[in-house]
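Enquirer: One structure coming up, written as structure tokens, with questions to follow.
The values are calculated or read from the model by the stated rules, or taken from the named source; none is laboratory data. Treat the numbers as computed from the prediction; the structure is a model and nothing was measured. Cβ: placed from backbone, ideal geometry, glycine included. Neighbour counts: every protein chain shown.
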Amino acid sequence: MMPSRTLCIIGTGVAAIALMQELRRRDTDTPITAIAMDAGHYSYRPNFSAAMARKLSPTDLITEAAEVWSKRLEIELHAFAGILGIDVEARILRTTKGLIAYQDLVLATGSRTRMPEFGIDARSAILFADNLPGYSDAYPTLQAASHVAIVGAGLVGCEFADDLARSGRRVTVFDPAPRPMARLIPEQLSHRLATTLSTHGVQWEMGTSIQNIEKIGSRRLVTFGSTEKFLQVDAILSAAGLIPNTAIAELAGLECLPAVPVDAHMATSCPNIYAIGDVAQPPGGWRPFVAGAQQGAKVLAARLTGDRNVHFDGTPKPISVKTRLFPMRLLPPGVNVPGQWHIVVDRFDDFVAHFFDKQGHLQAYALGGNAAKNPDHWPPLGEPINRESYHA
Ligand SMILES: Cc1cc2nc3c(=O)[nH]c(=O)nc-3n(C[C@H](O)[C@H](O)[C@H](O)COP(=O)(O)OP(=O)(O)OC[C@H]3O[C@@H](n4cnc5c(N)ncnc54)[C@H](O)[C@@H]3O)c2cc1C
């Protein structure tokens, strides 16, 4: 006989735990089932790119063990469960642990780091340290390594470079882009970041790609660049960008762009199915950051408890970049917003740049060094500002 219907949440990451907490704050009675493909321990992903310098083992990165949070929040947890199919008409999940009938289904399956475009042989050499299972696999190799190559000089790649350099390792970062974090920050700030990290053992191979990887004993021989240069390293870590985990959404027949489009209440196009966190694309665009995951969880908790007055606000939120050697605080410009960076301060330990749209409204900013730590420098947005008289 089919058990009674529950609210079913797939995933036990930042968005899922925030949702369960908010639901329990609003309503203690609804039966909730959580499904994890692993043990279901809660770990906070931003900690993974700042863990080696703090000598944190995989166990240290468990923020709350599965048995602790599931008991605290009174959730029935199915750990190590795979989803085999979804009958969206009958509202039934077919899992490796049996059938689960849902009242409402929440997809909170997050995102993963992209596999760089290497040949099959080279792929087995790539480490992923951006979640608990990945970090557990990568940890012994990273710990033993004295020289690590990082694929990708975006925000996460720069955080890993900073972390590994502070842990005493040599680091080489590869990216076809001309400079670190090229899509997020102005050129001058990229240079400031690159120079600071270089003095701590980070080498930048920008405008270049890895062509091949060969195993030589316990080491890796990396071939890179159009003129085939070589480098021997002990480990290769991917930070080649995040992509949403949409395999389960696809089982439900949902459109993925590449994340799952949701409305301002986090509802997908399929009745009784919702999506939150990095797997969801709310109005305003896909932004794989904690602030959006937490806000989506609050909005959905309201929706599921009958409150339709809470909406997702798609305004971009500032991000703190955990490059401790040169901290940054950013509000990146929207992808299609025409405008220009205006450098306000560019000193050794301090950097302030503002991005103005064509109407002269402040749309984005990039702060580095001391300015990133000082809230007095965090400007109000959307106000027309006279650039000449504005002093950060
Ligand atoms: C290294 C790194 C550093 C970051 N630093 C920052 C930062 O400083 N600030 C910031 O705002 N954001 C940061 N982010 C982004 C941030 O971590 C994410 O936006 C946030 O974790 C999204 O929450 P989520 O619940 O959607 O995904 P996650 O927290 O990743 O949780 C996803 C959950 O889904 C589960 N899952 C996946 N597939 C399946 C499946 N098939 N079946 C069942 N379960 C599944 C996973 O096991 C996990 O439990 C960082 C990301 C990375 C990778």
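Residues checked against (1) part of a strand (DSSP E or B); (2) within 16 Å of the ligand (Cβ to nearest atom); (3) of a type outside the set (Phe, Trp, Tyr):
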site	(1), (2), (3)
Pro288	no, yes, yes
Ala291	no, yes, yes
Ala297	no, yes, yes
Arg308	no, no, yes
Pro316	no, yes, yes
Ser320	yes, yes, yes
Val345	yes, no, yes
Ala372	no, yes, yes
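Enquirer: Looking only at residues in the range 336-355 that are of a type in the set (A, V, I, L, M, F, W, C) and modelled with pLDDT under 90, which one is farthest from the chain's Cα centre (by Cα)?
Expert: Per the stated criteria, the residue is Phe348.
Enquirer: Here is a further query. On the given criteria, is Arg25 farther than 21 Å from Asn245 by Cβ, basic (Lys, Arg) and surrounded by 14 or more Cβ atoms within 10 Å (Cβ to Cβ)?
Expert: Judged against the criteria, Arg25 is not a match.
Enquirer: Which of the numbered conditions does Arg94 fail, given that it passes all the others? Conditions: (1) within 18 Å of the chain's Cα centre (by Cα); (2) assigned to a strand (DSSP E or B); (3) not hydroxyl-bearing (Ser, Thr, Tyr).
Expert: Going through the list (1) within 18 Å of the chain's Cα centre (by Cα); (2) assigned to a strand (DSSP E or B); (3) not hydroxyl-bearing (Ser, Thr, Tyr), Arg94 breaks only (1).
Enquirer: Can you tell which of Val173, Val156, Val222 is buried (at least 18 other Cβ atoms within 10 Å of the Cβ) and over 24 Å from the mean Cα position of the chain (by Cα)?
Expert: None of the others qualify; the one that does is Val222.
Enquirer: Looking only at the range 337-358, which residues are in contact (Cβ under 8 Å) with a residue 24 or more places away in the chain and surrounded by fewer than 16 Cβ atoms within 10 Å (Cβ to Cβ)?
Expert: Across the range 337-358, the qualifying residues are Val337, Ile343, Asp346.
Enquirer: While we're here: With Gly277, Gly284 as the choices, which residue is without any contact (Cβ under 8 Å) to a residue 40 or more places away in the chain and within 16 Å of the ligand (Cβ to nearest atom)?
Expert: The conditions single out Gly284.
Enquirer: Return a yes/no flag: does the range 139-155 have any residue that is part of a helix (DSSP H, G or I), of a type outside the set (D, E, K, R), closer than 28 Å to Trp341 by Cα and within 16 Å of the ligand (Cβ to nearest atom).
Expert: Yes; the residues of the range 139-155 include at least one that is part of a helix (DSSP H, G or I), of a type outside the set (D, E, K, R), closer than 28 Å to Trp341 by Cα and within 16 Å of the ligand (Cβ to nearest atom).
Enquirer: Filter the range 222-247 for residues that are within 23 Å of Leu127 (Cβ to Cβ) and more than 14 Å from the ligand (Cβ to nearest atom) and give the result.
Expert: Within the range 222-247, Val222, Thr223, Phe224, Gly225, Lys229, Phe230, Leu231, Gln232, Val233, Asp234, Ala235, Ile236 meet the criteria.
Enquirer: Out of the range 80-96, which residues are within 15 Å of the ligand (Cβ to nearest atom) and surrounded by 14 or more Cβ atoms within 10 Å (Cβ to Cβ)?
Expert: Residues satisfying the conditions are Ala81, Ile83, Ile86, Leu93, Arg94, Thr95.
Enquirer: Follow-up. Can you tell me which of Leu99, Leu77, Leu56 is within 15 Å of the ligand (Cβ to nearest atom), outside the structural domain of Phe174 (by TED's automatic domain parsing) and not in a loop (DSSP other than H, G, I, E, B)?
Expert: Criteria check complete, one pass: Leu77.
Enquirer: Consider Ala302 carefully, then state whether it is within 15 Å of the ligand (Cβ to nearest atom), crowded, with 17+ Cβ neighbours inside 10 Å and not in a loop (DSSP other than H, G, I, E, B).
Expert: Answer is no for this residue.
Enquirer: Given the conditions (1) surrounded by fewer than 22 Cβ atoms within 10 Å (Cβ to Cβ); (2) in the same structural domain as Arg45 (by TED's automatic domain parsing); (3) more than 9 Å from the ligand (Cβ to nearest atom), report the number of the one that Ala122 does not fulfil.
Expert: Failed condition: (2).
Enquirer: Quick one: count up the residues across the range 263-274 that are closer than 18 Å to Asn309 by Cα and either away from the ligand (no atom under 16 Å from the Cβ) or not in a loop (DSSP other than H, G, I, E, B) (or both).
Expert: Residues that pass the stated criteria total 5.
Enquirer: Right, here's the next one. Which one of Arg123, Arg72 is more than 21 Å from the chain's Cα centre (by Cα) and modelled with pLDDT under 95?
Expert: Arg123
Residues checked against (1) modelled with pLDDT of 95 or more; (2) assigned by TED's automatic domain parsing to the domain that holds Arg183; (3) among the hydroxyl-bearing types (Ser, Thr, Tyr); (4) farther than 17 Å from Asp104 by Cβ:
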{"residue": "Ile248", "(1), (2), (3), (4)": "yes, no, no, no"}
{"residue": "Leu254", "(1), (2), (3), (4)": "yes, no, no, no"}
{"residue": "Leu257", "(1), (2), (3), (4)": "no, no, no, yes"}
{"residue": "Asp263", "(1), (2), (3), (4)": "yes, no, no, no"}
{"residue": "Met266", "(1), (2), (3), (4)": "yes, no, no, no"}
{"residue": "Asn272", "(1), (2), (3), (4)": "yes, no, no, no"}
{"residue": "Val279", "(1), (2), (3), (4)": "yes, no, no, no"}
{"residue": "Leu300", "(1), (2), (3), (4)": "yes, no, no, no"}
{"residue": "Thr315", "(1), (2), (3), (4)": "no, no, yes, yes"}
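Enquirer: Being among the polar types (S, T, N, Q), more than 8 Å from the ligand (Cβ to nearest atom) and either in a loop (DSSP other than H, G, I, E, B) or without any contact (Cβ under 8 Å) to a residue 40 or more places away in the chain (or both) is the filter here; which residues of the range 7-42 pass it?
Expert: Answer for the range 7-42, where residues must be among the polar types (S, T, N, Q), more than 8 Å from the ligand (Cβ to nearest atom) and either in a loop (DSSP other than H, G, I, E, B) or without any contact (Cβ under 8 Å) to a residue 40 or more places away in the chain (or both): Thr28, Thr30.
Enquirer: Continuing with this model, one more query. For residues that are over 30 Å from Asp163 (Cβ atoms) and of a type in the set (Val, Ile, Thr), tally how many sit in the range 11-58.
Expert: 5
Enquirer: Next question. Please work out which one of (1) in contact (Cβ under 8 Å) with a residue 24 or more places away in the chain; (2) within 11 Å of the ligand (Cβ to nearest atom) is the condition Glu250 fails and give its number.
Expert: Checking Glu250 against (1) in contact (Cβ under 8 Å) with a residue 24 or more places away in the chain; (2) within 11 Å of the ligand (Cβ to nearest atom), the one that fails is (1).
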